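*Asks:* So that we are looking at the same thing, I have put the structure below in structure tokens.
The values are calculated or read from the model by the stated rules, or taken from the named source; none is laboratory data. Predicted, not measured: the structure shown is a model, and the values here were computed from it. Please note: Cβ atoms are built from the backbone with ideal geometry, for glycine as well, and neighbour counts cover all protein chains shown.
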Amino acid sequence: MSFRPAKIHIRLLVGEKMGFAVSALVLVLFLQALQYPLLYDISTDVEDPPVFKNAVEIRGPASNPLAYNEGIAEAQQAAYPDIKPYINEEITVNSAFSLALDVALEMKWEIVFQDEEDSVFEAVATTFWYGFKDDIVVRVRPSSKNRGSIVDIRSASRVGVADMGTNARRIGVFLQNFAEKVKDGEGDIDS
């Protein structure tokens, strides 16, 4: 007497269940993706976003374009109305730039370009699960009163038409961490 048919039957059932589980996972991921706008480039300043200089060279020809236009700005403002520049009328530009670099390094970003004179740096963040590379530019400028500083950040995915909120979350975490450093008194105050 042979037990082969029973083993085959069990394998078929296991394979069927695994196929169902994988299909269900793909469906869940697809439905989650529908909750996010088709954006791969997010900036705190939608009128004058920080400009990438170094990222253009390191992204590669198959990467998403870095042209931030009015259509992107409108879609971003509709999806993420809370993403705004960090403005502090008391912290100096030099101090804000230094703190921004510290936050970037604490977030494990790879700094790929730095211009202290213009208070701009670029970095690359690598996503945890899939290892996607996203480019980031941080710009610090004097505030309108020329006393404090304005910190802007832009994060752009290299691949894909939608980032499932990754860039917006990254910007939010960066700004929160930056604000905490300022609150903890880690920046020079202009008096």
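*Asks:* Output the residue which, of all residues in region 166-180 that are in contact (Cβ under 8 Å) with a residue 60 or more places away in the chain and surrounded by fewer than 18 Cβ atoms within 10 Å (Cβ to Cβ), is farthest from the chain's Cα centre (by Cα).
*Replies:* A179
*Asks:* Could you give me the residue pairs with C-beta distances under 6 Å whose first residue belongs to region 63-75 and is in contact (Cβ under 8 Å) with a residue 12 or more places away in the chain, whose second residue is surrounded by 16 or more Cβ atoms within 10 Å (Cβ to Cβ) and among the hydrophobic types (A, V, I, L, M, F, W, C) wherever it lies, and which are 6+ apart or on separate chains?
*Replies:* L66/F52; A73/V46; A75/L39
*Asks:* So which of D163, D190, D152, D184 is in contact with a strand residue (DSSP E or B) (Cβ under 9 Å, 6 or more places away or on another chain) and either surrounded by fewer than 16 Cβ atoms within 10 Å (Cβ to Cβ) or at pLDDT 95 or above (or both)?
*Replies:* Within the list D163, D190, D152, D184, the selection yields D152.
*Asks:* Based on this model, can you work out whether I150 counts as in contact with an Asp or Glu (Cβ under 9 Å, 6 or more places away or on another chain), assigned to a strand (DSSP E or B) and over 18 Å from F52 (Cβ atoms)? Talk me through it step by step, then tell me what you get.
*Replies:* Working: in contact with an Asp or Glu (Cβ under 9 Å, 6 or more places away or on another chain): yes; assigned to a strand (DSSP E or B): yes; over 18 Å from F52 (Cβ atoms): yes.
For I150, the condition - in contact with an Asp or Glu (Cβ under 9 Å, 6 or more places away or on another chain), assigned to a strand (DSSP E or B) and over 18 Å from F52 (Cβ atoms) - is met.
*Asks:* Can you pull out every residue in region 40-63 that is among the small types (G, A, S) and modelled with pLDDT of 95 or more?
*Replies:* Residues of region 40-63 among the small types (G, A, S): 43, 55, 60, 62-63.
Once the filter is applied, which keeps residues that are among the small types (G, A, S) and modelled with pLDDT of 95 or more, region 40-63 yields only S43.
*Asks:* Still on this model: Could you run through region 99-110 and say how many residues are of a type outside the set (D, E) and free of Cβ contacts under 8 Å to residues at least 60 places away in the same chain?
*Replies:* Summing the residues that are of a type outside the set (D, E) and free of Cβ contacts under 8 Å to residues at least 60 places away in the same chain in region 99-110 gives 4.
*Asks:* Which residues, counting only those in region 48-92, are under 19 Å from A123 (Cα atoms) and either buried (at least 16 other Cβ atoms within 10 Å of the Cβ) or in contact with a Cys (Cβ under 9 Å, 6 or more places away or on another chain) (or both)?
*Replies:* P49, P50, F52, N54, A55, R59, S63, N64, L66, Y68, P85, Y86
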